[in-house]
Amino acid sequence: MRAAVLSLGSQSSKMIAEAMNKYFDVVDHLSLKDVEVAFISDGFQVMCDGKLLGEYDCIYARGSFRYASVLSSLTAALREKTYLPLHHNSFIIANDKFLTQLHFLRKKIPMPAAYIAATSSAAKKALENLNYPVMIKLPQGTHGKGVLYAESYASASSMCDALVVLKQPFIIQEFVETAGTDIRAIVAAGKVVVSYTRTAKKGEIRSGFHSGGVCTLCILDNETQKMAVKAAKALGCDVVAIDILKGPKSPLILEANLSPGITGISKASNINVADKIAKALYDKAKEFKLIKTKNGFGEVLRSIDKPKPSYEIITNLDFRGERVLLPENFVKMADLKDDKEYIIKAKKGYIIIKDSMLM
């Protein structure tokens, strides 16, 4: 089977692409920056580096929130042809923290309470009724960027004024005390393949690896594992990282990361995370191909069983030099295409045209 990883060239993407070589016959690592999706009259056309994207059994597309529209369009265009571990809507939802909050609320997945505001006055009304500290976040951002911590109403109010000047909507989120730690669970094919706590460095509230956080392996209880898998399924993701806070009553989902980094946990443990993701992609791609083949075979059987209508007309032939122009309706009815090969038999009084693939 053939597979491709479409990415921005991160080390994690390279690790996964390399691990996929163990399972797939061919693995191409392509640059997301070279991909474009053209909307043409009869559908989509996906190009890579100026050429039509090749045929693949699996395409793992990953990238930052800045490429959400391209990733969503790409996966929407290819979803019936190849296995894609991420649903096209997930790129729009998971890359917007408020849409994630709204989506998980509808799916009954618990998250910290949050408010969205576009003006300073609206924000301050919400701030008057909150307990402190609070988190203030931009809807989009990765690696902890765009995340602010406010210990009091005064500091939160000042931050909101600054964000309004920058013409940025923002989210005010309940702060859950976890001593500077959170949990990341990487879900692949409906299972948590690795989970670890992330502890923020001294003086920092952001616990991510890119912010200096320290990764430590942990084993999740059944409730937390089920919550992570449920969140992944709600987004339509076969491969995703789910960030979790241990709340006072039950686990809370903080957010989802569609392009999780694996370098930190791979260095901090002896677990081959890339291999686990690669194996999950292979198993799901094989399953997708089998279902697709069965469905295609079923269509063939139905087409054989179903009698095809045939028609006759009496007409003069339209000669164009040494060629004969066939009636358009009959060309469509016979499904004749200029890119197919045909066998043509001729005897006095009649001509037979047959599709060479049906012989």
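The values are calculated or read from the model by the stated rules, or taken from the named source; none is laboratory data. These numbers come from a predicted model, not from an experiment. Here the Cβ positions follow ideal geometry from the backbone for every residue, glycine too, while neighbour counts run over all protein chains shown.
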Query raised in the report: Within the set of pairs 6+ apart or on separate chains, which have a first residue in the range 144-166 that is closer than 21 Å to Asn131 by Cα, a second that is assigned to a helix (DSSP H, G or I) and among the aliphatic types (A, V, I, L, M), and C-beta atoms under 6 Å apart?
Result: Leu148/Met159; Ala150/Ala156; Ala150/Met159; Tyr153/Leu127; Ala156/Leu127; Cys160/Ala123
Query raised in the report: Exactly one of (1) touching a strand residue (DSSP E or B) at 6+ places or on another chain (Cβ under 9 Å); (2) within 27 Å of Tyr153 (Cα to Cα) is unmet by Ser121. Its number?
Result: (1)
Report summary line: Exception for Met135 within (1) assigned to a loop (DSSP other than H, G, I, E, B); (2) under 20 Å from Leu245 (Cβ atoms); (3) modelled with pLDDT under 90 falls at (1)
Query raised in the report: Which residues, taken from the range 188-211, are crowded, with 18+ Cβ neighbours inside 10 Å, at pLDDT below 85 and of a type in the set (A, V, I, L, M)?
Result: Ala200
Query - Tally, over the range 241-278, of residues that are assigned to a helix (DSSP H, G or I) and among the small types (Gly, Ala, Ser) - result: 5
Requested in this report: Would you check which residues across the range 232-278 are of a type in the set (S, T, N, Q) and either within 16 Å of Leu220 (Cβ to Cβ) or surrounded by 22 or more Cβ atoms within 10 Å (Cβ to Cβ) (or both) and list them?
Outcome: Ser250, Ser259, Ser269
Report task. Please go through the range 96-120 and pick out each residue that is closer than 20 Å to Asp238 by Cα, modelled with pLDDT of 90 or more and not in a helix (DSSP H, G or I). Result -> Lys107, Lys108, Ile109
